[in-house]
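Structure record follows, encoded as structure tokens.
No lab work stands behind these numbers, since they all come straight from the coordinates. Just so you know, these numbers come straight off a predicted model, no measurement behind them. Here Cβ is always computed from backbone atoms with ideal geometry, including for glycine, and neighbour counts include all displayed protein chains.
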Amino acid sequence: MNITINGKEIAFEHGDTVLQVAKRAGIRIPHLCSLDWAPSPSASCRLCVVEVEGSPRLQTSCTLQAAEGMKVQTHTPRVMKARRNIVELLVANHPQDCLACDRQGACELAELTREVGVRPRQYAGMKKDQHLDISSPAIYRDPNKCVLCGRCVTMCHQIQGVGAIDFTDRGFRTQVAPGFSAGLNVSGCTYCGQCVRVCPTGALMERSHVSAVVAALSDPNTVVVAQVAPAVPATLDQERTKHEGVPVMLEHLAAALKRVGFTAVFDTGFTADLTIMEEANELVERVKTGGVLPMFTSCSPAWIQYVELHRPDLIPHLSTCKSPQQMAGALIHEIYPKFAGFVAGDGTRGTKRLVVVSLMPCTAKKFEAEDVGDVEYVLTTRELGALWERFGIDFDSFTDRAPLDPPFAEATGAARLFGGTGGVMEAAVRTAATLLGGAAPAGPLPEARGLDGFKCFNVDVNGITLNLGVINGLGRLPSTLPAALSGMHFVEVMSCPGGCSGGGGQPYNSDMTDVKKRIKRIYEADKKAEVKYSHENKSVAELYEEFLGRPLGEVSHHLLHRSYTDKSALTALHGAEADTGAVCAAAEAAA
Ligand code: FES
């Protein structure tokens, strides 16, 4: 089947929209409200209009199904005038404080004004004066900058199934907000940040820690160290190769961070291995002693927030392990000052203040850092760009390398897998199989890989059949939890589609194609790793020998494990839980 766009014949498949066909053919049609990978476009912005031969009205290409013989023009004078009018009206009500906006340089609205030719501005409309929402430790909301495209609502409802925000009020006062215009902190929001990743303006942003980190780096009485999550170098590499730069290794990142003043750079992969040691032992103990099953993973802070807010009945099923970020924070504070030879304190009377900064692909890690308390600041992958700018680092062409720092420098291939959906499961199976007296799988575990919403499979170890599940994205929970709760032993839940590679702190507008490329890099890193099993990480073994004792022992329990709180009263007050039936259907359709 063929369609003609701008005089060019292009093949399409049944169900394709004109916008999708044009994109594949390299023809850009400006659009705002539609997301390539969301199930149903709201068709509210009308920026994607095109002229279709034989149709008197302009048509929205994001909803228009391609049809055999259809003839479409994407940039006629009529179309361009319509688009310019739309953007001019959006800009008329916008605060236009671009010079002080955190989205400066990465704002889609600003790009659209250039693309459609809003030069000079035609209209000066009324400005909104709505309250900023700074109630959450992870995300802030500035309704004055919102263009009401509804992408965030699509993500929150249809993809993530949380339903914390929606259109509220009427007319000029319409905004996207939690119910009753409450703060995000009492909205049922899990802080996954998927809304931020797709927002085209500065209306939804992470709570930036860049200035606080710069201040800490400038203080001579403060020792600032970093830890880097596995998904971050994979993402920077994928972003850099878009511009044909040299590949990014963890060592490049370490060198750049040391250049700007970090005293040491640690690999969060080290504590990913430690997490596997604790979590695999916890699983084996639960299986052998008839403990609460299935055991759910606890690495994803938005999933933890989801359970605490919306499903506190699942708390006994959560692994008590802290996430690798928090394990690293706790260990660095406990061990690093002695290792590096300084006295940790408040920075006075000969002491040094120790500040741990996490580089994470995730906005919810900011919430986790505040909630659990072992890490001072969290920078998302996006915020790293701002850090480089402050210190004049051109990271696109940065080629220096520096080693990661002991005692948390060593990480296995299993740890690298934490950067993608199914990775924690795959890493855990490698070690749990050994603990149960069986052979650790030698190669990849294909059943755990891929972007399906729910993967379930069995692994037979030494006469025991482990029933395992991987849930990919919060939106899949309503449809998959019943199956996960009936007879499974261990279930991985990652809040963001694709896992950390698709995290809410990842580059704006990255789609599932980008996520797949990042995951591919993660698999390559595992393949190249000399040591593939967390229980074979020599530095982790030394840590147990010299400091922790044994997995699940007293010291481990104190430093590496946590408890959970029933927070359901917060959502019950505001009725923020989504209609899970509708959500489930939409999420499955998006798969
Ligand atoms: Fe098609 Fe908004 S992108 S109407």
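Indicate the gyration tensor shape class of the range 401-520 (rounded, prolate or oblate), computed on the Cα atoms with a ≥ b ≥ c the square roots of the eigenvalues: a/c under 1.5 is rounded; otherwise a/b larger than b/c is prolate and the rest oblate.
It comes out oblate by the Cα gyration axes.
Would you mind calculating the relative contact order of the range 317-403 from Cα pairs under 8 angstrom and at least 6 residues apart, reporting the percent as a whole number?
It comes to 23 percent, rounded to a whole number.
Treat each spin label as a single point 7 Å out from the Cα along the C-beta direction, and report the A569 to K8 distance in nm.
6.1
Give me the aspartates and glutamates in straight-line cross-link reach of K71: C-alpha distance below 20 Å, same-chain residues under 8 apart excluded.
Correct list for K71: E9, E13, D16, E51, E53.
For the chain, state what percent of all Cα-Cα pairs lands in each successive 20 Å bin, counting from 0 Å until the bin that includes the largest distance.
Calculated P(r), rounded to whole percents: 20, 52, 25, 3, 0.
Sorted from largest down, what three extents in whole angstroms do the Cα atoms of the range 411-461 have along their principal axes?
On the principal axes, the range 411-461 reaches 31, 27, 14 Å in Cα extent.
What is the fewest-to-most order of W388, W303 by other Cβ atoms lying within 10 Å of their Cβ?
In increasing order of surrounding Cβ atoms, one gets W388, W303.
Among 86-97, 314-325, how do they line up by average Cβ neighbours within 10 Å per residue, starting with the highest?
Result, highest mean Cβ count within 10 Å first: 314-325, 86-97.
Using all alpha carbons of the range 318-420, what is the percent of pairwise distances in each 5 Å bin, ordered from the shortest bin to the longest?
Reading upward from the zero bin: 2, 10, 15, 19, 22, 19, 10, 3, 1.
When the helix-only estimate is applied to the chain (DSSP H runs of n ≥ 4, each -39,500 (n - 2.57), divided by the residue count), what is the mean residue ellipticity at 222 nm, nearest 500 deg cm²/dmol?
Calculated at 222 nm, the ellipticity per residue is -10500 deg cm²/dmol.
If I model the range 1-128 as equal point scatterers sitting on the Cα atoms and use the Debye formula, what is log10 I(q)/I(0) at q = 0.11, 0.22 Å⁻¹?
Summing over Cα pairs of the range 1-128 leads to -0.42, -1.30.
Subtract the Cα-Cα distance of H558 and D346 from 0.36 nm times their separation in residues, and report this length gain in nm to one decimal.
Stretched out fully, the H558 to D346 stretch lengthens by 74.0 nm.
Just going by the charge dipole of the range 378-521, with Lys and Arg at +1 and Asp and Glu at -1 on Cβ, which of C496, A440, S486 is farthest out on the positive end?
S486
Looking only at the chain, where both bridge partners belong to it, what percent of the DSSP beta bridges are antiparallel (to the nearest 5)?
Around 50 percent of the beta bridges assigned by DSSP in the chain are antiparallel ones.
Once you have the alpha carbon radius of gyration of the range 176-254, what is it after dividing by 2.2 N^0.38 Å, with N set to its residue count?
Normalised Cα radius of gyration, the range 176-254: 1.50.
Before anything else, pin down the relative contact order of the chain: Cα pairs under 8 Å, at least 6 apart, normalised by residue count, whole percent.
Contact order relative to length: 17 percent.
Identify all aspartates and glutamates with a Cα-Cα distance to K288 below 17 Å; exclude those on the same chain that are fewer than 8 residues away in sequence.
Excluding near neighbours in sequence, the set is E278, E279, D460.
Calculate, in nm to one decimal, what N458 and M249 gain on full extension: separation in residues at 0.36 nm each, minus their alpha carbon distance.
Gain in length upon complete extension: 71.8 nm.
At R0 = 51 Å, how high is the FRET efficiency between R550 and L132 if r is their beta carbon distance? Nearest 0.05 is fine.
For R0 = 51 Å, the calculated efficiency reads 0.55.
What order, most packed first, do the peptides 8-19, 423-434 have when packing is the mean number of other Cβ atoms within 10 Å of each residue?
423-434, 8-19
Using the structure shown, list the pairs from K23/K128; K455/K516; K145/K365; K322/K538; K322/K567 with a Cα-Cα distance above 23 Å, or answer none.
K23/K128; K145/K365
Taking 7 Å along the Cα-to-C-beta vector as the label spot, tell me the K538-D400 distance in nanometres, rounded to one decimal.
Distance between label points: 2.9 nm.
Report, by chain and number, residues whose modeled amide H sits under 5 Å from the one on K352, excluding near sequence neighbours (fewer than 5 apart, same chain).
V343, A344, G345, G347
Sort 333-342, 373-382, 517-526 by the packing proxy (mean of other Cβ within 10 Å over each peptide's residues), most packed first.
373-382, 517-526, 333-342
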